[in-house]
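First the structure, in the form of structure tokens, and then the observations on it.
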């Protein structure tokens, strides 16, 4: 690790000022950034911690909308119990140490192709709220580690419409225990959304064919004969494209069966 | 009344209080005044020619004290292989030099070719980044079969990538071939014994100190055997006189084999400490551990089992390629040969065994002994092919094994692979296994699993292993370059408490608890007044450390012999004190008494007399009460076991879960049942790790793909079931004084085939009968691919 300065602003305005300097980097829970720095693969001159910003903390449930502060930890999202799919997802990330440091904003800003939260955001049609705009989840995710965020832009909150029923199924990569494949299914009055993480070289995506079928028949049997195109799936030590494509179908079915 | 101390009881591990309260003292915890820090420049290519190394920028950086390259060590010796293997044609193995720092060529990713010493660790690391090497990348030699056919070489000077081509037993080859040709049934299996990264919790670390006044060196290092490390450094590498180098291995956080060996970093910090007249410290990062700790296993094997139609074994023939990596690590040549080939008769009365092992250099990290070292590879090959054979002949896998077992009345038994098994009762182990495991209820459990969409499999395994490698006379004939004895000094202090200096090294085994149990039993002195001293060449007699499940069988025997000498001398002193003839003295429960009288003296009184020798038979006896014994075993010890497990397979995802695991082992006499159970638990955990999760993989360019915990899957508690462990079947070792065998590696030896046998069984139950084998790790993706192939 190289030397760096560390600041911990108490509000978003001060954080933006701190981030304006060259080589400054926002720090959420540090679950990706700190290991990367320890490997000397990142060398920010200044870390701007977002964990002291109270306006970015907490989970608020109002009517059919849950609003989660960008600096809220996975553990606190799980504790809030907003809806089943989200609670299960947050409570299943990493281990207790990870869940008590890692944040939803950090995860969505990083957009790791194997992270869990992108699946929840995309499947619920979430709104990503930043310091100066609101971005639809469908526009936000732009490929592995790539998002619509500008250089100095902080996710201050995430708003999700609460589904009628939902479920997240994660098949863990045996080493990292990130999602080898994760599928989030969310059923709304106007249709079903299915978001898949871990599987694609293009990051999180919606399985629209399955959404169409499940919107008319919300049962695991409805998608039994379906398959997802494997051509752009990830192939690595832990599974081929075809294996990941299989898991997408299997986990979608299990998510539908388990959705509550 | 049951015993409450001594042999056969389970006092809690006394060292654990220290470890659990943060009071352990590991190498990295040792900080010396004026200490500087080393960092290494490591190759990022698998194979390359070093054209030049520009160190000038680094040398001028803040805090940098010295920079070393391979050139600085061109004139010192190489780190040697500890065992000479001769090829089938009588030619000795190829032994290219393993230098302190790579010189001329780099041969694997992580191969160190320069080092920086600086005031701080960060400054050293910054200077590492400033060293510019001009290295021409050469094609990487990774795959073993390709390496053997290749015209380019890891070591140009030997003009081959084959280290040796070993046959065991060469004289049995023709008969084995003939038996297989004419056998009524032959089962053939090709398999890979997957390469593993040892992953000791404590990474390697070394701190060297040099006293310019006396010329004495001290090396604090993470070693399983400090005397061996000293010998290698002094006699082969740096040429320091042995009496000028003290090697200290304090608390060591796990080794599993990887810390047996001497590594170049140890020599570098010693040389740097002398040059700078300052202590020099190096602690490996986890990434360095992945890249440079000696890896384990990595065999590619074809095994054939020939038998009669009724399953009577006729022959085993094995062809193995064993990866030794880029350089010969100290025990890399004996591991795939004498620790593997000699076990290829298993527990069986098979008359013909032949093993061919080709050891292959590749542009990968060195490969050496790892928990089990050769015996897991032997057991895996044997027990997988036997299981496949049982399926082909529609025989019960337990009955097939029983049919071929060596029977209790056949011991000592000369196996067809050249070992003499001294004791064992394999049928008794299976009797116990069948008593513990509810085999009768398996069908119902399988049906229950199927209701949930899962396939259930039952895996059976039998193993024999050889540990406490010995005797020195024999291994010398077979090519060993070291002796394989161990040593202990028992020092009874004037006030009656006792220090026992042992050559064995504890890095998790529990020696501080177990050895006092033995001495306490013999002397009648409380365990708590007996302390074990280990890990410091300035304090202990010359011993060979701990590996190969040898601590108790070999060093424990030395402890017994030294303690017997203590009793012998103390008896003479007591006879003088009691004014009796020595032959009339009885020693029992810590008291010397004159037979048939009520006259006695306590052990403590005798000890005091030895050190305050007023009224003492000085003409017959020296003062003091301290004795040393060296013990060289007559044979290996041969633990054996019967294992069973049940797995569930999710056919949709390929996920395997281990539902139950039962291990019945014969370890001979057991000193501390709790510690033995713990050793078996740990071994099974590592074995399940190998079977289901762990996979050290290089790509075709020699880049390590599984170079961190993001890609190298370690077993976690949630991956493991509760184990049922039994070691009540005892056939004592016939040739050591405690009748003990070794227990440290058994779990890692016995468990991998048990798991894979169970997975194959599960798949067959689901109708996937085309799957006769899946290579380890039996990952979800591999199981799914096998089902859908």
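All of the numbers you see were taken from the coordinates with simple rules; none came from a lab. Only a predicted model underlies this, so the values are computations on that prediction, with no experimental measurement involved. We place every Cβ from the backbone using ideal geometry, glycine too, and count neighbours over all the protein chains shown.
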Correct semi-axes for region B:31-128, from √(5λ) of the alpha-carbon gyration tensor and rounded to whole Å with the largest first, are 32, 16, 11
Between residue B:443 and residue A:98, what is the label-to-label distance in nm when each label sits 7 Å out along the Cα-to-Cβ direction? 4.4 nm
Per-peptide average of other Cβ atoms within 10 Å, ordering A:40-52, B:376-388, B:15-27 highest first: B:376-388, A:40-52, B:15-27
Using all alpha carbons of region A:54-161, what is the percent of pairwise distances in each 10 Å bin, ordered from the shortest bin to the longest? 16, 55, 28, 1
Roughly what % antiparallel, to the nearest 5, for the DSSP beta bridges in the protein assembly as shown? 80 percent
From the P(r) of the protein assembly as shown, can you give the percent of Cα pairs sitting at distances over 59 Å? 16 percent
Given q = 0.14, 0.20, 0.24, 0.25 Å⁻¹, what are the Debye log10 I(q)/I(0) values for region B:270-362, with equal point scatterers placed on the Cα positions and solvent ignored? -0.68, -0.99, -1.16, -1.21
Can you work out the FRET efficiency for the pair residue B:211 and residue A:55, with r the C-beta to C-beta distance and R0 = 41 Å, to the nearest 0.05? 0.10
Give the average over all directions of the projected area of the C-alpha convex hull of region A:165-258, one decimal, in nm². 5.5 nm²
Along the Cα-to-Cβ line of residue B:243, 7 Å from the Cα, sits a label point; which residues in region B:484-501 have backbone N less than 18 Å from it? none
Over the Cα atoms of region B:604-658, compute the convex hull volume and normalise it per residue, giving Å³. 235 Å³
Sorted by mean Cβ packing within 10 Å, highest first, what order do the peptides A:149-155, B:340-346 take? B:340-346, A:149-155
Peptides ranked, highest mean first, by Cβ atoms within 10 Å: ranges B:355-365, A:23-33, B:664-674: B:355-365, B:664-674, A:23-33
Euclidean distance of C-alpha centroids, region B:74-119 and region B:140-186, integer Å: 23 Å
Here region B:1-81 gives, from Cα atoms, an Rg and Dmax in Å of 23.9, 75
Given the Cα atoms of region B:157-305, and with Rh set as the inverse mean 1/r over their pairs in the Kirkwood sense, what is Rg to Rh to two decimals? 1.17
If eta is 1.306 mPa s and T is 10 °C, what Stokes-Einstein diffusion coefficient results for region B:485-631, Kirkwood Rh from Cα pairs, in µm²/s? 102 µm²/s
Suppose the chain between residue B:431 and residue B:16 were pulled fully straight at 0.36 nm per residue; how much longer would it get relative to their current alpha carbon spacing? 145.8 nm
Write down the radius of gyration of region A:73-231 and its Dmax, each obtained from C-alpha positions, in Å. 14.9, 46
What does the convex hull of the Cα atoms come to per residue for region B:454-512, in Å³? 220 Å³
Taking every Cα atom in region A:5-49, find the radius of gyration and the maximum pairwise distance Dmax, and write them in Å. 10.4, 31
Counting every C-alpha pair in region B:432-560, the percent lying more than 21 Å apart is 57 percent
Starting from the Kirkwood radius over alpha-carbon pairs of region B:77-204, derive D by Stokes-Einstein at 10 °C in a medium of 1.306 mPa s and give it in µm² s⁻¹. 82 µm²/s
Here, residue B:531 and residue A:202, labelled 7 Å along Cα→Cβ, have an inter-label distance in nm of 7.0 nm
Zone of residue B:703 (label point 7 Å along Cα→Cβ, backbone N under 16 Å): which residues in region B:39-57? B:43-48
P(r) tail fraction, region A:112-167 - alpha-carbon pairs more than 17 Å apart, %: 36 percent
Can you tell me the equivalent ellipsoid semi-axes for chain B? Use √(5λ) from the Cα gyration tensor, largest first, whole Å. 42, 38, 24
Let me check I have the definition right: for region B:396-493, take the eigenvalues of the Cα gyration tensor, multiply each by 5, take square roots. What are those semi-axes in whole Å, largest first? 41, 19, 15
Between region B:437-511 and region B:239-310, what is the separation of their alpha carbon centroids in Å? 21 Å
Efficiency of FRET from Cβ geometry, residue A:65 and residue B:23, R₀ 60 Å, rounded to 0.05: 0.70
Within a 10 angstrom radius of each residue's Cβ in B:642-655, how many Cβ atoms of other chains show up on average? Whole number is fine. 2
In Å³ and rounded to a whole number, note down the convex hull volume per residue for the Cα atoms of region B:156-223. 263 Å³
Please compute the Kirkwood hydrodynamic radius over region B:731-775, one decimal place, Å, based on all pairs of different Cα atoms. 13.2 Å
What's the average, rounded to a whole number, of partner chain beta-carbon atoms within 10 Å of each residue's beta-carbon in A:237-247? 5
With label points set 7 Å from each Cα along the Cα-to-Cβ direction at residue B:181 and residue B:472, the distance between them in nm comes to 4.6 nm
